[in-house]
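Structure first, then comments.
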Amino acid sequence: MTVQPPITPLSQGTGPADQPSSPARVLLVDDHPIFRLGLSQLLGAETDLEVVGEAEDAEAALAILREKPVDLAVVDLSLKTGSGIDLIKQIRAAWPELKLLVLSMHDEQLFGERVLRAGAHGYLMKHVPAERIVGAIRKSLKGELAVSEQLAETMLNAMVSRPRAGTGIENLSDRELEVFELLGRGHDTRNIAESLKISIKTVETHQSNLKLKLGAHSAHQLRRLAVLWATEGLAGQPAAGRT
């Protein structure tokens, strides 16, 4: 059984305790070029960090990792093509020593634990101050879990609580949640298949499972639930009964 590092909340102003002889090499994986530019400039001002590559999707990120050494990848969950969670799993399998930090707009209470289970060393939301992003990168490079105090508390409470029964967003698999999110963002079945690089038949199977788990009686009702969740932030709430 793999022993995980202790869950420690991320504090502001974390500095490089032991300055390395050469900067840590960082890969940025995000589908927004303006955000990548800002993050690259932020990290470029730090003497112990160096951005060595940028990618907008999983395929480009994997190509960079095959070509050059990287110490840490900062990954968004929503990519141009492919899945951020799938990318984390692929990187963890191929480069087990590489550190991974997720920086995303998605609710950490819903995605944080899933990301850590997939193999990431931390989860941070994009609205946090710049110094916290730098601090999280440094914590991840040291092999520590970089999460907010709120997420740490949620995870610790989950460890001592009994599993919850019933239906709801929290009971979806990683892939089901990705399909549900894309439905909520207005994608049709073919678009979802192309984005996640899976077959249309597989998407249809996931949609059938979503209807069962969320208590939706039709594809139309499932899509309405997905749109409602995506636009009003109903993460973690049971979908059954909402129309």
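The values are calculated or read from the model by the stated rules, or taken from the named source; none is laboratory data. All figures in this text were calculated on a predicted structure; none of them were measured in a lab. Virtual Cβ from ideal backbone geometry, glycine too; neighbours counted across all protein chains shown. All accessible areas refer to the heavy atoms of the entire protein, side chains included, with ligands and DNA or RNA removed. Shrake-Rupley method; radii C 1.70, N 1.55, O 1.52, S 1.80 Å.
Taken one residue at a time, the phi angles of segment 45-56 give Karplus couplings (6.51, -1.76, 1.60, θ = phi - 60°) of 7, 9, 6, 9, 10, 9, 7, 10, x, 9, 8, 9 Hz. Gly and Pro are set to x. Here A45 and K197 are evaluated by their C-beta separation; at R0 = 30 Å the FRET efficiency comes out at 0.25.
Excluding ligands, DNA and RNA, the accessible surface per residue across segment 24-178 is 44 Å² with a 1.4 Å probe. Applying the Karplus relation 6.51 cos²θ - 1.76 cosθ + 1.60 with θ = phi - 60° to segment 182-192 yields 3J(HN,Hα) values of 5, 4, x, 8, x, 7, 8, 4, 5, 4, 5 Hz, where x marks Gly and Pro. Taken one residue at a time, the phi angles of segment 81-89 give Karplus couplings (6.51, -1.76, 1.60, θ = phi - 60°) of 9, x, 10, x, 5, 4, 4, 4, 5 Hz. Gly and Pro are set to x. From most to least packed by mean Cβ count within 10 Å, the peptides 169-179, 191-201 give 169-179, 191-201.
Under 5 Å from the amide H of A73 lie the amide H atoms of L27, K99, L100, L101, each residue being 5 or more positions distant or on a separate chain, with H modelled from the backbone and absent for Pro and chain starts.
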